[in-house]
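The values are calculated or read from the model by the stated rules, or taken from the named source; none is laboratory data. Treat the numbers as computed from the prediction; the structure is a model and nothing was measured. All Cβ positions, glycine included, derive from the backbone under ideal geometry; neighbour counts span all protein chains shown.
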Amino acid sequence: MTAYFGSVSENTTEFVVTPNHDIYWDIIVEIRNFYTNNSSVTLILAAYTHNETVPNFYNHTTEPINHEFHAWHYDFSIIIQYDVAPANFSFWLLVTGTPPLPPPPLISPGLPFDIILLVFGITLLILGVRRYRLEKLFIQTRSLRRALIFCSLGILFLSLSYPSLTRPHYFLHYLPPEYSDFGEFSGKVSQSVSCVNRTLIDIEDSTIELRTFFVNHSSVTVSAYTPDGSVNQTWNFVNSRYPGYQTFECYTTNDTIIEVIRENDDVEFSSWILVRHIETDILRNNAGFYAPFAYLFFGIGTILLVSGCYYASQGLPTLSKMTNNQ
């Protein structure tokens with residue numbers, strides 16, 4: 001939420017606002033609390049995909065007016081154009097949108113495990129080739145043939161299970177923020193009324209944003225706290241004067257009280273309260289989809305490899321005796 005003010009006339013026919021924001025899509029542009037001096041203006045959304053014009057735009061009564069545009073694309077501007085008479089105006093601008101879906105996190109293989117598996121595989125391959133040559137030169141035994149088959153199949157199944165077992169199966173995805181608008185928070189603190197507060201209810205796991213806070217001349221103290229004491233933040237000597245402003249944030253999981261306290265002099269203040277809630281989803285990546293098969297292959301591969309090692313232990317002594325007899 002950002003505050004803007006200005007004027008248009010015959011000499012200055014346009015007032016252009018180009019918000020600084022992230023590369024979001026499906027953007028909603030909200031014009032809040034638009035005031036004029038009862039002289040109409042033309043409100044224009046100049047977007048990348050289309051333009052939209054609202055003629056004769058002004059507050060017909062003393063109450064402010066609001067308007068909403070759908071911009072779709074992040075490249076847009078708000079233009080306030082001179083109509084029939086000079087006009088002074090002020091408003092708040094709120095821009096919300098949907099960020100693009102982030103790619104799954106980068107997968108970093110476990111380097112020590114990779115090296116151990118590589119060395120183990122190369123060792124088994126060398127031993128297998130050597131024993132195979134010995135068998136071919138001398139005599140083949142049934143146990144060694146079984147060992148060669150079972151070890152080969154075991155290593156094959158273990159290698160099929162490796163990509164999924166060593167990588168994360170899920171990642172955390174943050175959904176676009178949802179804003180709850182608690183409206184304008186303004187008032188005056190004085191000797192008779194030294195404190196003005198606003199209670200925000202039905203809040204869970206959210207960030208409270210006290211946006212565009214300013215005073216007319218003197219400093220105040222701003223506090224945010226919960227009835228249970230889990231949140232207690234205080235900002236002293238807040239003296240940003242309009243058109244300058246400050247923005248305060250605090251995280252809370254419960255109903256929260258925003259309080260403005262007089263310090264030295266009577267002072268008027270104004271701000272806008274938004275509550276931002278961000279939900280998270282746990283999404284499965286490719287390794288997670290493959291996980292059931294990976295665990296199955298890991299179990300089969302382990303059984304086959306253990307069986308192969310057992311048959312090798314049975315066949316190697318026989319081969320050694322035969323080799324010595326030769």
Give all pairs with beta carbons closer than 6 Å in which a residue from region 1-13 that is within 17 Å of Ile44 (Cβ to Cβ) meets a residue that is among the aromatic types (Phe, Trp, Tyr) and in a strand (DSSP E or B); count only pairs at least 6 apart in sequence or on separate chains.
Tyr4/Phe91; Gly6/Phe15; Val8/Phe15; Val8/Tyr82; Thr13/Tyr82
Surrounded by 14 or more Cβ atoms within 10 Å (Cβ to Cβ) and closer than 30 Å to Thr302 by Cβ: does that describe Phe171?
yes
Taking only pairs six or more apart or across chains, which ones have beta-carbon atoms under 9 Å, a first residue in region 223-234 that is farther than 18 Å from Ser271 by Cβ and in the same structural domain as Val260 (by TED's automatic domain parsing), and a second residue that is part of a loop (DSSP other than H, G, I, E, B) and among the basic types (Lys, Arg)?
none
Have a look at Glu268, Glu204 and point out the one that is under 27 Å from the mean Cα position of the chain (by Cα), of a type in the set (D, E, K, R) and not assigned by TED's automatic domain parsing to the domain that holds Ala3.
Glu204
Scanning for something at pLDDT below 85 and assigned to a strand (DSSP E or B), does region 288-310 turn up at least one residue?
no
Take the residues in region 30-57 that are at pLDDT below 85 and of a type in the set (Val, Ile, Thr), then tell me which one is surrounded by the most Cβ atoms within 10 Å (Cβ to Cβ).
Thr36
Okay, strands (runs of 3 or more DSSP E) sitting entirely in region 225-276 with 2 or more residues that are at pLDDT below 90 and either hydrophobic (A, V, I, L, M, F, W, C) or closer than 19 Å to Asp181 by Cα (or both), I get 246-252
Being assigned to a loop (DSSP other than H, G, I, E, B), among the β-branched types (Val, Ile, Thr) and surrounded by 14 or more Cβ atoms within 10 Å (Cβ to Cβ), is that true of even one residue in region 182-189?
no
Region 156-168, subset crowded, with 17+ Cβ neighbours inside 10 Å and small (Gly, Ala, Ser), residue nearest to the chain's Cα centre (by Cα):
Ser164
Could you grab me the full set of residues in region 242-259 that are touching a strand residue (DSSP E or B) at 6+ places or on another chain (Cβ under 6 Å) and under 19 Å from Trp92 (Cβ atoms)?
Tyr242, Tyr245, Gln246, Thr247, Phe248, Glu249, Ile258
